[in-house]
Amino acid sequence: MNYKDTICLPKTDFPMKADLHIREPQIIKKWIDEDVHGKMASSDKSQNFVFTDGPPYANGDLHMGHALNKILKDIVVKYQNMAGKRAVFVPGWDCHGLPIEMAVLKSQGEKAKTLTPKEIRALSRKEAQKWIDIQMEQFQRFGVIADWKHPYKTMDFSYEAEIVRTLAQILETGCFYRGEKPVYWCLPLQTALAEAEVEYREHKSPSIYVGFDLIDKDRIRLEQTLGIDSGLSKVQFVIWTTTPWTLPANLAIAVHPDFDYGLFKATKGTSDTNFQEPLGVVIAKDLKDTFEAETGLQITLIATLKGGKLEGYSANHPFVDRQSPVLLGDHVTLESGSGMVHTAPGHGLEDYELGVRYGLDIYSPVNDSGRYTKEVPQWEGLKVFEANPKIVEALKTSGHLLGLKEITHSYPHCWRTKTPLIFRATPQWFLKMDDDKYPIRRKALEEIDKVRWVPDWGINRIKGMIENRPDWCLSRQRSWGVPIPVFYCVNCSEALVSQAAMLRVADAIEETGIDAYHDIEASRFTSGETCSSCKSSDFRKGNDIFDVWFESGCAFSAVQKKREAMATPADLYLEGSDQHRGWFHTSLLTSVAADGHAPYKQVLTHGFVMYAKGQKMSKSLGNTVDPLEVIKKHGAETLRLWAAHEDYSKDLTFNPETVQRLVETYRRLRNTMRFILGSLNEFQLVRDEVPFEDLLELDRWMLSKLANLISACIKSYESYEFYKIYHAINQFVTVELSSLYMDVIKDRLYTWKRDGVERRSCQTTLFYVGETLTLLLAPIVSFLAEESHAYFEKVRTGSESADTVFVKSMPNLTPMWQNEKLDKDFEVMWEVRSHVTKALEELRNTKVIGSSLEAQVRVEVPPEFFAALDPRRNELAQYFIVSKVDLTSGNALNISAKRAEGEKCARCWNLRDDVNEEAKFPGVCAKCVQALA
């Protein structure tokens, strides 16, 4: 007999080679064709888990940030469905706005100048849909299961209509108003921007100190107040600014009422200035050293007074024929400058607020393209940034420039054009944050406290942003967007803000889209309305469109209230940490303004994707990573493992070393599945399962460790700590399962009686281990889980199954599997085994043995170890994978090993005393005789 043919080696059709570039697209096609999302999120579940997808912008290929975000969302949705809840995944896209409109105009070249707004909208809709189709296919390639046939798009007619209806609802609060106040203004795009559309970059600016000549009567009054006769013929209030171009709009100087201000005598010192000495200057007393260092002037203190005493003083503007009064403002600081703040209400928010308090004009002599108007005749038509050096030179010539440097500082830029912004007062539509009757800010802050923020530092971040934000500028001046349906009296230009008119517009948009607003006569919408000012009934349509952040912020209404199995508030919003100032922020304000509550119960935040050692990914550095290239080379599973393997509450790294490590992890998982399935070759659960109480002790230990793994993984899924799942499973598979359990049971699997209880016991255990791992891994390593599931279903039922793994439930914790005492006893076992392994390695190195089965060991252990090992002395040889073990109790752990005595079994290779006892099976041991009988 050829004993080799009697060995029960693993055998399976489960492929050793993953071929992910071939297999993954096949599985994706199955998921889409068989509507696995519909099956997974079936309506027969009693409880919903509402998740709302923050819409990516429909422009450009996906990057690693998209991959991280969508895979994390996919993990959550898959887990919630497998945990017994109905969690639909409605993918969304943000479609309107500047990037798409600008891409269209750029693609049209010279023809762009002749395009009508309607043509721009049509081309923009087509452009957005093109990228939606591209991105959808890319998201699917990540292994994301969603309702791809029914996504939501902010350019859907129904969504566009809901945006208008949301504003109509907000009208009831009285918080929607028109005002002329400073907003971020993009010069190339000629539109207002919201704070979420602003990014800060390094920028070079002139840093100048400018003297405003105190008018004569106030110079005399100042000396009288101070009780001095300074002998100074001129005194200047000194302001500091990095935006000389705003000086034509200066209307006042702000001081802090509680700061000490000094009258100083100034001499030129090392400065290159042009003023008559001696000169009196007034600055904050505590900024003397800073002022001297920045200007090169030498100043000597004459007298001091509180800022509050300066209110009402006036100084002459350096080059405009008007006076600038001194006002009191708590926003003045001693962090830099002079402690006297240049105030231009048309070009700064704090300046605006102070100007409103004191009744100043909101003056901004700059047009949409960033050029001075005729109100600044000496520089009319000049671009503001080009005016900086000319203004500086004029100040120097007139003796008002006291200091000049160039500084590099953080400055607001347009997120799209990357150009520096200006603050400019223009008529815009706003959402009021602090209305007495409906205080949105206070309500939003109250709602924040009711939300669970993951990680918990998110609450402080969004609170700080809500606490300090200005009123929300909702209007934009472009073509591609949902119109703000406000009408204006043809006779007197008074605005008509009518809920009824807005609802009529919404109904029309729902039928044919935003073109309905532009195509239908205004009178159809304003029927029955009259001007509140002149009583005319003749109105024209306004041309402003909504901020796209308001649009995406309406998902609570347009998606959560409209889609099956969804509601508001949602159970979860999940986005990158930048969305505290973006979608989390604007969704909160929109929902609070319209409905009075937050649109979400939980908010989960992830970090950014970095290259090695925290290096930011950048095209200029050549370290950007294309997720589709990663997939092409290593499969989507590697990308999915990466998304789960690190603590995403911090920034994540992605580099070749990380990839290689994850490829090895995937290979280990696949090989483990293949070994398990191979070991279950002829095993059928319904026929061959061994009841738990009859399982061998080692198998019961394995199930105890498996129960611990289930508990840890479910807890981590519930807390969204996916990296803990990755590491728990990796540890389990690498150590407990592969290095220990599977290493020990190979002899039982290969050489023991094929249908004996000992072999069936470990096969039963392997089945539950493999099936459980498949279910626990499914939300993360979805392709491997789907592939493995079909094989385990065949082992379980005996027949092929077309079911997807995602209609299965997460493994339940089986209490009888858990055995704390068994776990502790086997900790001792494996501790001793590690020392045995070292002793065997020494024998191998000296060529005494080849295989560990050629050895026998003597194990002396202290009493506490002996108590754990003694009841299992007959199995120790199996656990240590040697031919014989002598166990004794002593005072310490001592291991000795030597070559085993006895004859080598030709079948199992153990050295035993009972070889050749059965003539029918020569050369084999008694155990193998039993297996062959």
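What to note about this one:
- Over region 204-419, relative contact order from alpha-carbon pairs under 8 Å, at least 6 apart, %: 29 percent
- For Lys847, the lysines whose Cα falls under 21 Å of its own Cα, not counting residues fewer than eight places away in the same chain, are Lys838, Lys884, Lys898, Lys904.
- Under 20 Å of direct C-alpha separation, and excluding same-chain neighbours fewer than eight residues apart, Lys541 reaches these lysines: Lys118.
- Counting only the Cα atoms, region 535-640 fills a convex hull of 221 Å³ per residue.
- Computed from the C-beta positions of Ser46 and Ala790, the FRET efficiency with R₀ = 25 Å rounds to 0.30.
- With q set to 0.14, 0.16, 0.17 Å⁻¹, the log10 of I(q)/I(0) for region 204-419, from the Debye formula over equal scatterers at the Cα positions, is -0.83, -1.10, -1.24.
- Rounded to 5, the percent of DSSP beta bridges in the chain classed as antiparallel: 75 percent
- Label-zone membership for region 298-331, site Lys217, 7 angstrom Cα→C-beta point, backbone N under 11 Å: 314
- Karplus-derived HN-Hα couplings along region 482-489 (A = 6.51, B = -1.76, C = 1.60, θ = phi - 60°), whole Hz, x at Gly and Pro: 7, x, 7, x, 10, 10, 10, 4
- Rounded accessible area per residue of the chain, 1.4 Å, Å²: 42 Å²
- Here the Kirkwood formula puts the hydrodynamic radius of region 680-768 at 14.0 Å, using every distinct Cα pair.
- Environment charge at Asp286 (Cβ cut-off 15 Å; Lys +1, Arg +1, Asp -1, Glu -1): -3
- Listed residue pairs exceeding 28 Å between alpha carbons, taken from Lys650/Lys715; Lys130/Lys432; Lys29/Lys70; Lys17/Lys650; Lys383/Lys463; Lys217/Lys405: Lys130/Lys432; Lys17/Lys650; Lys383/Lys463; Lys217/Lys405
- Expressed as a whole percent, the accessible area of the chain that falls on carbon and sulfur atoms is 48 (1.4 Å probe).
- J(HN,Hα) series, region 101-111, from Karplus relation 6.51 cos²θ - 1.76 cosθ + 1.60, nearest Hz, glycine and proline x: 4, 5, 4, 5, 4, 5, 5, 8, x, 5, 5
- Under 19 Å from the Cα of Lys821 - lysines, other chains or at least 8 residues apart: Lys705
- Phi to ³J(HN,Hα) by Karplus 6.51 cos²θ - 1.76 cosθ + 1.60 over region 667-679, Hz, x for Gly, Pro: 4, 5, 5, 5, 5, 5, 4, 5, 4, 4, 5, x, 6
- Taking chymotrypsin sites (Phe, Trp or Tyr not before Pro) across region 556-588, none is in a DSSP loop with at most 15 further Cβ atoms lying within 10 angstrom of its Cβ.
- Links that overshoot a 28 Å alpha carbon limit, given the list Lys73/Lys824; Lys85/Lys562; Lys450/Lys561; Lys45/Lys562: Lys73/Lys824
- Projecting the alpha carbon convex hull of region 826-901 along each direction and taking the average yields 4.4 nm².
- With Cα atoms defining each centre, region 250-285 and region 624-658 are spaced 58 Å apart in the structure.
- Sparse packing (at most 14 other Cβ atoms within 10 Å of the Cβ) combined with a DSSP loop state is found for the following trypsin sites (Lys or Arg not before Pro) in region 825-882: Lys847.
- In Å², nearest 10: area of Glu119 left accessible to a 1.4 Å probe: 80 Å²
- Difference of contour (0.36 nm per residue) and Cα-Cα distance, Ala802 to Tyr177: 219.2 nm
- Read-out mean projected area of the Cα convex hull in nm², derived from the coordinates shown; its label in (1) 44.4; (2) 51.7; (3) 42.1: (2)
- Full-stretch length increase - Asn681, Lys17 - with 0.36 nm per residue and alpha-carbon distance subtracted: 237.2 nm
- Kirkwood Rh and Cα Rg combined as Rg/Rh, region 595-748: 1.09
- Computed over the Cα atoms of region 21-165, the ratio of the radius of gyration to the Kirkwood radius (Rg/Rh) comes to 1.04.
- Between Asp755 and Ser719, the FRET efficiency from the beta-carbon distance, with R0 = 35 Å, is close to 0.20.
- Counting 0.36 nm for each residue step from Asn460 to Glu311 and taking away their Cα separation leaves a gain of 49.9 nm.
- Neighbourhood net charge (15 Å Cβ-Cβ; Lys/Arg +1, Asp/Glu -1) for Ala516: -2
- Projected label points at Lys4 and Met816, each 7 Å from Cα along the beta carbon direction, are separated by 4.4 nanometres.
The values are calculated or read from the model by the stated rules, or taken from the named source; none is laboratory data. These figures come from a predicted structure and were not determined experimentally. Methodologically, a virtual Cβ is constructed for each residue, glycine included, from the backbone with ideal geometry; neighbour enumeration extends over all protein chains shown. Just so you know, the surface numbers come from the protein's heavy atoms only, side chains and all, with ligands and any DNA or RNA stripped out. Shrake-Rupley method; radii C 1.70, N 1.55, O 1.52, S 1.80 Å.
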